[in-house]
Structures are given as structure tokens and as C-alpha cells.
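Presented below is the structure to which this report refers.
The values are calculated or read from the model by the stated rules, or taken from the named source; none is laboratory data. Everything quoted here is computed from the prediction, not taken from an experiment. Heads up, the Cβs are rebuilt from the backbone with ideal geometry, glycines too, and the neighbour counts pull from every protein chain shown. Each accessible area value is taken on the protein alone, full model and side chains, heavy atoms only, with ligands, DNA and RNA left out. Shrake-Rupley method; radii C 1.70, N 1.55, O 1.52, S 1.80 Å.
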Amino acid sequence: DLLMLYRPRYLILDEIETIDNPRDYAVLLHLMENEEIIEQKFRRHARVPLTTWVFGAGNDTSSLPAPLKSRFGPPIRFREYRSDEFVDVVARVLTVRESLSEDFALAVGQACLDLGTRDVREAIRVARRAGRKEDLAKVVDALRRRR
């Protein structure tokens, strides 16, 4: 319905692996293969031309149906952050999005590396749990014991 309404030139799907409706996959497959969508109304079917570039992003594409994967072509994979890059990204995210001090944000990034993770979402959770630099060590110790 949204494709019919907006007729986008570009369709960007984030976390594509979370699509769980087979009908949504069918529409995407047809659009990507035939550059059209089929409008179905009471007793009427119409083929509507639609040239849309479809881009998909996801953390794990193993659950995607093979026909959909093949329409995207080879995936682009990004390398994991180096340690210094990870700490810089965490510091930027925490200072801009979470309004934390740079000193605390850098400490959180390093603490996450020490925990063995380079997941920015995990760094956000650690920072929120700690709340301040003085409590960071307690949070890290608790997380270490749980692992």
C-alpha cells in the first residue's frame, strides 16, 4: 500500500532480516524482478509500473529467503572497528546522543573493549546503567560476573 501511495524512487529497508510477513517478501520479490507492483482491489487487478531501487541493510542475512538475497546481489560487508575506532565512535555517540561528558564516554568505550565487545549498542547500555564515571567499574564488574 505504501509503495502505491508514495511510488518511491528509492526504498531503503533497515534490519531487513526482521521482516516476517511472507506477503511483504512477495511484494519485494515481484518489484525487484519485474519493476512493477500489482494493485489488488475488489474484483480488479492492475499492474502498476514502478522503477524503485531497493537497498537492504541487516545484521544477519542468513534468515532471508534465497530468492530475495539473489536479487540484491553480493552483500557488502564492513570490517569490525579497530579498538581506537570503536572508542572514538562510542565517545561520539555518547556525547552527542546521550549528552555525556567526553571523559565518561571514552571510559565507557574502553570498558566495553575490556569486556570483549565492540558493540556500540552495548556501550550505550553500559553508560546508561552506570550513569556516571564513578559507577562504571561496578557495572563492568557486574557484567563480567554474568558472562
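With θ taken as phi - 60° and the coefficients 6.51, -1.76 and 1.60, list the Karplus ³J(HN,Hα) couplings across region 125-137 in order, rounded to whole Hz; mark glycine and proline as x.
Result, ordered by residue: 4, 4, 4, 5, 5, 6, x, 7, 4, 5, 9, 4, 4 Hz.
Carbon-plus-sulfur fraction of the accessible area of the chain, 1.4 Å probe, in percent?
50
Using θ = phi - 60° and the Karplus relation 6.51 cos²θ - 1.76 cosθ + 1.60, list the HN-Hα couplings for region 32-45 in order, rounded to whole Hz, with x at every Gly or Pro.
6, 7, 10, 6, 7, 10, 9, 8, 10, 10, 3, 6, 8, 10
Per 10 Å bin, what percent of the C-alpha pairs of region 36-147 does each bin hold, from zero upward?
Calculated P(r), rounded to whole percents: 12, 30, 20, 16, 12, 9, 1.
Taking only Cα atoms and a 10 Å spring cutoff, compute GNM fluctuations for the chain and point out the largest among Lys69, Lys133, Lys41.
Lys41
With the contact rule set at Cα under 8 Å and sequence spacing of 6 or more, what percent relative contact order holds for region 1-120?
22
Compute the relative contact order of region 90-147 as a whole-number percentage, counting only Cα pairs closer than 8 Å that sit 6 or more residues apart in sequence. Let's see the in-between values first.
On the way: 45 pairs, mean separation 17.0, N = 58.
It rounds to 29 percent for region 90-147.
Would you mind checking which residues have amide H under 5 Å from Gly56's amide H? H placed 1.01 Å from N; only 5 or more apart, or other chain.
Those lying under 5 Å, H to H, from Gly56 are Leu13.
Can you sort Tyr10, Tyr81 by solvent-accessible area, 1.4 Å probe, largest first?
Tyr10, Tyr81
Does anyone have the angle between helix 102-115 and the longest principal axis of the chain? Alpha-carbon axes, 0 to 90°, nearest 10?
Approximately 80 degrees, to the nearest 10.
Quick one: which residues, 5+ away or cross-chain, put their amide H under 5 Å from the amide H of Tyr81? H built at 1.01 Å from N.
Here the answer is none, since no amide H 5 or more places off falls under 5 Å of that of Tyr81.
Could you state how much accessible area Val93 has, in square angstrom rounded to the nearest 10, with a 1.4 Å probe and all protein chains kept in place?
20
Leaving out ligands, DNA and RNA but keeping every protein chain, what accessible area does Ile19 have, in Å² rounded to the nearest 10, with a 1.4 Å probe?
Looks like 40 Å² after rounding.
Kindly provide the helix-only [θ] at 222 nm of the chain, computed as the sum of -39,500 (n - 2.57) over DSSP H runs of four or more divided by all residues, to the nearest 500 deg cm²/dmol?
-15500 deg cm²/dmol
So, for the chain, what is the accessible surface per residue at a probe of 1.4 Å, expressed in square angstrom?
Heavy-atom SASA per residue in the chain reads 72 Å².
Enter the accessible area of Ser101 (Å², nearest 10), with the probe set to 1.4 Å and all protein chains included.
In the full protein context, Ser101 sits at about 70 Å².
For Leu5 and Lys138, FRET efficiency with R0 = 41 Å and r from the beta-carbon atoms, rounded to 0.05? List each step's numbers first, then the result.
Values: r = 51 Å, r/R0 = 1.24.
About 0.20, to the nearest 0.05.
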